[in-house]
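One structure below.
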Amino acid sequence: MQASLHSDIFGDGPPLVLLHGWGMNGKVFSPLQQALSKYKVHCVDLPGFGLSPAIAGDLDAWVDALMAMAPADAVWAGWSLGGLVATRAAQRHPQRLAGLITIASSPCFMAREQEAWPGIAPKVLAQFEAELQQDLPRTIERFLAIQAMGSDSAREDIKRIKELVLSRPLPQASALAQGLSMLELVDLRPGLATMDLPWLRIWGRLDGLVPRRMMGQLPSNSSTEDKVLAKASHAPFISHGDEFVHCVTDWLDRLYSDKESG
């Protein structure tokens, strides 16, 4: 029997699942606790990160593990790699989700030059893969520092992210390798056009990892909404917390208002 994933739960109201990015854990969302207290928030440590055990398998195996412990009819919000996981959950189990929020995330993280698809250069991910084999703690610290690059408050943001994330055990090497493989190989774009869940996409205009220009290449319909935070980079909920919370709660309030009136 597979061990269950760790989740910090706070607040009271409609369920909201928060999924962190590569190299992180659920503690990175703790600054949002008071602002999101009118929702029952589940801050999950992804497999092999923070206090969650590692599991074998690919992206779908992670989704299966999350589905086994997540509340029904929840909005899933994923940051960076967490957004990839949440998007896959929405594709496979649309009846279990009330909505999807992706934060500085992409359905295909690797840049595809032939398709003019913006993303992370292959050499960057290859460098992280090589460094993982040599010095895991240093690789994590370096990646944490990248999160806030471009933000006006980058130095303070990086310090805050490190304090939050490093309050829990470092990720397991196997989980980091799984996550890098997902960032490198997974392409969820073919299934996006048929998704009809309410979907909020939050971008940082200064984000160097997930360029906002991909926004124009994603399907857009009455169920999708894009919000660009003008001065944010890859960690908008850290650098621009008030603006981020307003964006999310406004969307959630409208989502649940529509549900009640419908």
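The values are calculated or read from the model by the stated rules, or taken from the named source; none is laboratory data. Computed from a predicted model, the values in this text were never measured in an experiment. Glycine also receives a Cβ, built like all others from the backbone with ideal geometry; neighbour counts cover every protein chain displayed. Please note that ligands, DNA and RNA were not included when accessible areas were found on the heavy atoms of the full protein model with its side chains. Shrake-Rupley method; radii C 1.70, N 1.55, O 1.52, S 1.80 Å.
Restricting the first member to the range 169-197 and to residues that are under 17 Å from Pro47 (Cα atoms), and the second to residues that are open to solvent by 60 Å² or more (accessible area, probe 1.4 Å), the beta-carbon pairs closer than 6 Å and six or more apart or on different chains are Leu180/Glu129.
The set of residues in the range 199-208 that are over 11 Å from Glu225 (Cβ atoms), in contact with a helix residue (DSSP H, G or I) (Cβ under 7 Å, 6 or more places away or on another chain) and either in contact (Cβ under 8 Å) with a residue 40 or more places away in the chain or part of a strand (DSSP E or B) (or both) comprises Trp203, Gly204.
For Glu141, the criteria (1) open to solvent by less than 10 Å² (accessible area, probe 1.4 Å); (2) under 19 Å from the mean Cα position of the chain (by Cα) hold in every case but one, which is (1).
Please verify whether Ala65 is touching a strand residue (DSSP E or B) at 6+ places or on another chain (Cβ under 6 Å) and at pLDDT 95 or above, treating the condition exactly as stated. When the stated conditions are applied, Ala65 does not pass them.
Applying the criterion of being part of a helix (DSSP H, G or I) and hydrophobic (A, V, I, L, M, F, W, C) to the residues of the range 155-177, the residue that is modelled with the lowest pLDDT is Ile158.
For the range 210-227, filtered to residues that are open to solvent by less than 60 Å² (accessible area, probe 1.4 Å) and part of a strand (DSSP E or B), the residue that is farthest from Glu243 (Cα to Cα) is Thr224. Taking the criterion of being open to solvent by 10 Å² or more (accessible area, probe 1.4 Å) and touching a helix residue (DSSP H, G or I) at 6+ places or on another chain (Cβ under 8 Å), the residues of the range 19-37 that qualify are Lys27, Ser30, Pro31, Ala35. Of all the criteria given as (1) at pLDDT below 90; (2) open to solvent by 50 Å² or more (accessible area, probe 1.4 Å); (3) not in a loop (DSSP other than H, G, I, E, B), the one not satisfied by Asp250 is (1).
Among the residues of the range 99-124, the ones that are crowded, with 17+ Cβ neighbours inside 10 Å, touching a residue at least 12 places away in the same chain (Cβ under 8 Å) and not aromatic (Phe, Trp, Tyr) come to 14 in all. Evaluate the range 68-75: report whether one residue or more is on the phi > 0 side of the Ramachandran plot, outside any helix (DSSP H, G or I), open to solvent by 50 Å² or more (accessible area, probe 1.4 Å) and among the charged types (D, E, K, R). So far as the range 68-75 goes, yes, one or more of its residues are on the phi > 0 side of the Ramachandran plot, outside any helix (DSSP H, G or I), open to solvent by 50 Å² or more (accessible area, probe 1.4 Å) and among the charged types (D, E, K, R).
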